[in-house]
1. In the list Leu123, Leu116, Leu95, which residue meets the criterion of being touching a Leu at 6+ places or on another chain (Cβ under 7 Å) and open to solvent by less than 20 Å² (accessible area, probe 1.4 Å)?
2. Tally time: how many residues in region 193-249 are assigned to a loop (DSSP other than H, G, I, E, B), in contact with a helix residue (DSSP H, G or I) (Cβ under 7 Å, 6 or more places away or on another chain) and open to solvent by 40 Å² or more (accessible area, probe 1.4 Å)?
3. Need at least 3 residues that are within 30 Å of Asp144 (Cβ to Cβ) per element, so show me which helices (runs of 4 or more DSSP H) inside region 38-126 make the cut, counting only ones lying wholly within it.
4. Could you check region 291-327 and list, in sequence order, the residues that are in a helix (DSSP H, G or I), away from ligand 2 (no atom under 16 Å from the Cβ) and either small (Gly, Ala, Ser) or within 24 Å of Gly36 (Cβ to Cβ) (or both)?
5. Every residue in region 55-76 that is out of contact with any helix residue (DSSP H, G or I) (no Cβ under 8 Å at 6 or more places or on another chain) and over 16 Å from Cys172 (Cα atoms), please.
6. Filter region 135-171 down to residues that are farther than 18 Å from Tyr317 by Cα, in contact (Cβ under 8 Å) with a residue 12 or more places away in the chain and either open to solvent by 80 Å² or more (accessible area, probe 1.4 Å) or touching a Cys at 6+ places or on another chain (Cβ under 9 Å) (or both), then give me how many there are.
Amino acid sequence: MAQAEMIVEQDYPWVWASHNKFKLLSGNEIPAIGLGTWKAGDAAGDVVFNAIVQDGYRHVDTAQQYAVQEEVGYGLRAAMDAGIERRDIFVTSKLWCTDMSPERVRPAFNRTLNELQLDYLDLYMIHWPFRLRDGASRPPKPGDVLDVDMKAVWKEMEKLVADKVVREIGICNFTVKKLESLLSYATIMPSVCQVEMHPGWRNDKILNTCRKYNIHVTAYSPLGSQGSQTRDLINDETVKMVAKRVSKTPGQVLIKWALQRGTSTIPKSTNPERIKENIEVFGWDLPELEFNALSSLPDQRRELDGAELFVCPEEPYKSVEELWDYE
Ligand code: NDP
Ligand code: 1BO
């Protein structure tokens, strides 16, 4: 199914259902559904190609840290060779934490462009607002999590826009406090904020703050991430009940919930049926009752809390709560 050309007004959540693009601060558009590529592995090239050419995806989310950019680049190149225009595909990548110092931004970005075989990115994001030492352990040891000069890093991100190698810059995993600090010195606003968001973690504080500043939100892990350690939202009783009532799959109602909140979303799959299923979410709505049922799941908690990456009992972030500014 090809994504058509509709833009949404971010006013009334459940009238957004049939739309498939969102307008960014810059006036550019972001397709509502993107293909996530974390843990896509060696399959990523074929998966990206098929998702674009067969299933109509026009948005691909990747990152240096996912170690799949060469495969993703192969898939993008093959899709373009098959006749899809570069300007019709929205490609996102992210600056990893070991490159969170100003002199490393441009080289890291160039490496990403090279791996993806592209000459510009639609969106380049700060992956996490923390800096790691090369070779940092998981969980980190003392000295692995370093101070970050966010102002200097953001300035380098802004230069990428000025040099026209990136159309949009954005942030991931920021708290309200970190976002408002960045806004105090940014000369180019982040146009997208990507955070974990699903009915098990509504993440309303950052969503409402982004709405206040007209920053578009992309919901990551819309299916709850589905790892062995994560919550199984696909088999949640409320999700299954809503899916049955609207005659859709649990995956589709979770994705639709994200769209009806005015967020784009980037479900990951390497399975051809599920990739197709995950974009068949237009032309129908979650009624208000079902939308509200999904919005009322108890036991709200993050699945990706960053503990493994950044929390060290000694320093500088001693707990998950500290990492997330106690918000
Ligand atoms: P998702 O919530 O997208 O869940 C992916 C899991 O769900 C996979 O196991 C997949 O398996 C399975 N799945 C996919 N579709 C369906 C379906 N319709 N029904 C049942 N199961 C399904 O998790 P992710 O954490 O991967 O998040 C999505 C993307 O968001 C990432 O791939 C990445 O691009 C981005 N992300 C960004 C982060 C950041 O820090 N900025 C952090 C985390 C994610 P299968 O492949 O077998 O279908
Ligand atoms: C290492 C976790 C990052 C997922 O985007």
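The values are calculated or read from the model by the stated rules, or taken from the named source; none is laboratory data. What you are looking at is a predicted structure, and each value in this text was computed from that prediction instead of being measured. All Cβ positions, glycine included, derive from the backbone under ideal geometry; neighbour counts span all protein chains shown. Protein only, heavy atoms only, side chains kept; ligands, DNA and RNA dropped before computing areas. Shrake-Rupley method; radii C 1.70, N 1.55, O 1.52, S 1.80 Å.
1. Just one listed residue meets the conditions, Leu116.
2. Of region 193-249, the ones assigned to a loop (DSSP other than H, G, I, E, B) are 197, 199-200, 202-203, 213-215, 221-232, 236, 247-249.
Going one step further and asking which of them are in contact with a helix residue (DSSP H, G or I) (Cβ under 7 Å, 6 or more places away or on another chain), we end up with 197, 199-200, 213, 222-224, 226, 249.
Imposing the further condition that a residue be open to solvent by 40 Å² or more (accessible area, probe 1.4 Å) reduces the set to 213, 226, 249.
Summing the residues that are assigned to a loop (DSSP other than H, G, I, E, B), in contact with a helix residue (DSSP H, G or I) (Cβ under 7 Å, 6 or more places away or on another chain) and open to solvent by 40 Å² or more (accessible area, probe 1.4 Å) in region 193-249 gives 3.
3. By residue number, 69-81, 102-116.
4. Across region 291-327, the qualifying residues are Phe291, Ala293, Leu294.
5. Matches in region 55-76: His59, Ala67.
6. Of the residues in region 135-171, 7 are farther than 18 Å from Tyr317 by Cα, in contact (Cβ under 8 Å) with a residue 12 or more places away in the chain and either open to solvent by 80 Å² or more (accessible area, probe 1.4 Å) or touching a Cys at 6+ places or on another chain (Cβ under 9 Å) (or both).
This table checks each residue for (1) in contact with a Phe, Trp or Tyr (Cβ under 8 Å, 6 or more places away or on another chain); (2) touching a residue at least 60 places away in the same chain (Cβ under 8 Å).
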{"residue": "Met197", "(1), (2)": "yes, yes"}
{"residue": "Lys205", "(1), (2)": "no, yes"}
{"residue": "Gln226", "(1), (2)": "no, no"}
{"residue": "Ile234", "(1), (2)": "no, no"}
